[in-house]
Amino acid sequence: TATTASIRGVIAGRLLAAAQTTAPVTLTTTADAQALVSLRQQFQATAGDQPAVGYNEILLKLTAIVLQQHPQLRSRWTDSGPQSPATDDAIDIGLAVDTQQGLLVPVVRNPGSETLKGLQQSVMGLVERARLGELSIDEMTGAVFTITNLGAHGIDAFTPILNLTQAAILGVGRVRAVPVVIGEDIVAGQQLSLSLTFDHRV
């Protein structure tokens, strides 16, 4: 439709602008995900017929805590240089969602202050409205950072593109079982790939 075409045009323009007007650098690492997997399994075991809290909700809450500790990651580049946020600002985080209209980024408001169950309800509602094309402008603006998760697609690591005017975005890969060396023993472990793209100017 014309609406879908226009939305995809805006998305394409923003992606191109991010590539051309920033100095992006991507750092990739792996993290021990055993505790993350265990927590997710606990939620699954007690969810019954209801959807269980997922990795996205847990990662949103953890990321909000990290962004509070490292405000430079939620700075913005301006004509006069980097602009740092006030330390007491609400930390709103965008969550990339693949839709038929293209990649949309609804904003989760202050996930650090939400319970994981409350976050799950917020995220489910935003994702559903994104896929139905019903997000308001307010629901897609104001984020200071973005998370994009391709783990469900079997992707280990990738290079996320900055979401202007933000200075950083976190790409999340799949959780996978790996052998882990502990002392002289090799045991089964869980690992998560993380890719942080940031604007080197900031």
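Global dimensions of the range 52-97 from alpha-carbon coordinates: Rg and Dmax equal 12.8, 45 Å.
Could you estimate the translational diffusion coefficient of the range 138-178 from the Stokes-Einstein equation, with Rh from the Kirkwood formula over C-alpha pairs, at 20 °C and 1.002 mPa s, in whole µm²/s? In µm²/s, the coefficient is 188. Distance from the C-alpha centroid of the range 43-70 to that of the range 119-134: 15 Å, rounded to the whole angstrom.
Accessible surface computed residue by residue for the chain, with neighbouring protein chains in place and a 1.4 Å probe, gives 56 Å² per residue. Note on Lys117 and Gln20: with the Förster distance fixed at 45 Å, the Cβ-Cβ geometry gives a FRET efficiency of about 0.65.
The charge dipole of the chain, taken about its Cα centre with unit charges on the Cβ atoms of Lys, Arg (+1), Asp and Glu (-1) only, comes to about 300 debye. For the peptides 179-189, 158-168, 35-45, the ranking by packing is 158-168, 35-45, 179-189, with the highest mean count of neighbouring Cβ atoms within 10 Å listed first.
Order Ser113, Ser80, Ser195, most accessible first, counting only protein heavy atoms with a 1.4 angstrom probe.
Numbers: Ser113 85, Ser80 115, Ser195 0 Å².
Output order, biggest surface exposure first: Ser80, Ser113, Ser195.
If R0 is 25 Å, the Cβ-Cβ spacing of Ala152 and Leu27 corresponds to a FRET efficiency of close to 0.65.
Counting only Cα atoms, I'd like the Rg/Rh figure for the chain, Kirkwood definition for Rh.
Values: Rg = 17.7 Å, Rh = 18.0 Å.
Dividing the radius of gyration by the Kirkwood radius yields 0.98.
The Cα atoms of the range 1-42 cover 45, 31, 8 Å along the three principal axes, with the biggest extent listed first.
Given the DSSP H assignment, sum -39500 (n - 2.57) over each helix run of at least 4 residues in the chain and divide by its residue total; what's the result at 222 nm in deg cm²/dmol, nearest 500?
On the way: 4 runs with 64 residues, N = 202.
After summing the helix terms and dividing by residue count, I get -10500 deg cm²/dmol.
Rounded to the nearest 10 degrees, what's the angle between the helix 2-21 long axis and the longest principal axis of the chain, both from Cα atoms, 0 to 90? For helix 2-21, the angle is close to 80 degrees. Each of Arg109 and Ala5 was given a label point 7 Å from its Cα along the Cα-to-Cβ line. The distance between the two points is 3.6 nm. Largest first and in whole Å, the equivalent-ellipsoid semi-axes of the range 9-124 read 29, 19, 15, each the square root of five times a Cα gyration tensor eigenvalue.
R0 = 41 Å: FRET efficiency of Ala90 with Asp49, Cβ-based, nearest 0.05?
Working: r = 34 Å, r/R0 = 0.82.
Between Ala90 and Asp49 the formula returns 0.75.
Placing pseudo-labels 7 Å out from each Cα toward the beta carbon at Glu134 and Thr99 gives an inter-label distance of 1.1 nm.
The values are calculated or read from the model by the stated rules, or taken from the named source; none is laboratory data. Keep in mind that this is a model prediction, so the values were computed, not measured. Cβ sites come from the backbone with ideal geometry, for glycine too, and all protein chains shown count toward neighbours. Surface accessibility is based on the protein's heavy atoms, side chains included, excluding ligands, DNA and RNA. Shrake-Rupley method; radii C 1.70, N 1.55, O 1.52, S 1.80 Å.
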